[in-house]
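The values are calculated or read from the model by the stated rules, or taken from the named source; none is laboratory data. It should be emphasised that the depicted structure is a prediction, and the values quoted were computed from it without experimental measurement. We place every Cβ from the backbone using ideal geometry, glycine too, and count neighbours over all the protein chains shown. Just the protein is used for accessible areas: all its heavy atoms, side chains included, with ligands, DNA and RNA removed. Shrake-Rupley method; radii C 1.70, N 1.55, O 1.52, S 1.80 Å.
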Amino acid sequence: MFLGGFGVHKFYLGRVAAGILYLLFCWTFIPAIIAFIEMIIYLTMSDEAFAEKYG
């Protein structure tokens with residue numbers, strides 16, 4: 001939630017290329033907005049769907 005604008009969640013999920021893009025564009029605050037939307041998606045996703053997609 002606090003480091004989403006820097007792409008930390010992407011590195012944690014194993015999506016290194018997306019994490020690097022977040023780091024490159026973090027000064028524009030666009031990744032922070034996208035990370036906020038992704039946070040809502042991850043919170044509303046069921047555990048099974050999350051494990052299937054990222055596990």
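From largest to smallest, what semi-axes in whole angstrom does the chain give when each is the square root of 5 times an eigenvalue of its alpha carbon gyration tensor?
21, 13, 7
In whole Hz, what ³J(HN,Hα) sequence does the range 18-30 give by Karplus (6.51, -1.76, 1.60; θ = phi - 60°), x for Gly and Pro?
5, x, 5, 4, 4, 5, 5, 10, 5, 5, 8, 6, 5
With every protein chain kept in place and ligands, DNA and RNA left out, what is the accessible area per residue of the chain? Probe 1.4 Å, answer in Å².
That works out to 78 Å² per residue.
What list of ³J(HN,Hα) values in whole Hz, one per residue of the range 32-44 in order, does the Karplus curve 6.51 cos²θ - 1.76 cosθ + 1.60 (θ = phi - 60°) give from phi, with Gly and Pro shown as x?
Here the 3J(HN,Hα) series is 5, 5, 5, 5, 5, 5, 5, 4, 5, 5, 5, 6, 8 Hz.
Quick one: with all protein chains in place, what share of the accessible area of the chain is carbon or sulfur, to the nearest percent (1.4 Å probe)? Write out the running numbers ahead of the final one.
On the way: 3200 of 4290 Å².
Carbon plus sulfur share of accessible area: 75 percent.
Using a 7 Å offset from the Cα along the Cα-to-Cβ direction at both TYR54 and ILE30, what is the distance between the two label points in nm, to one decimal?
It works out to 2.2 nm between the two label points.
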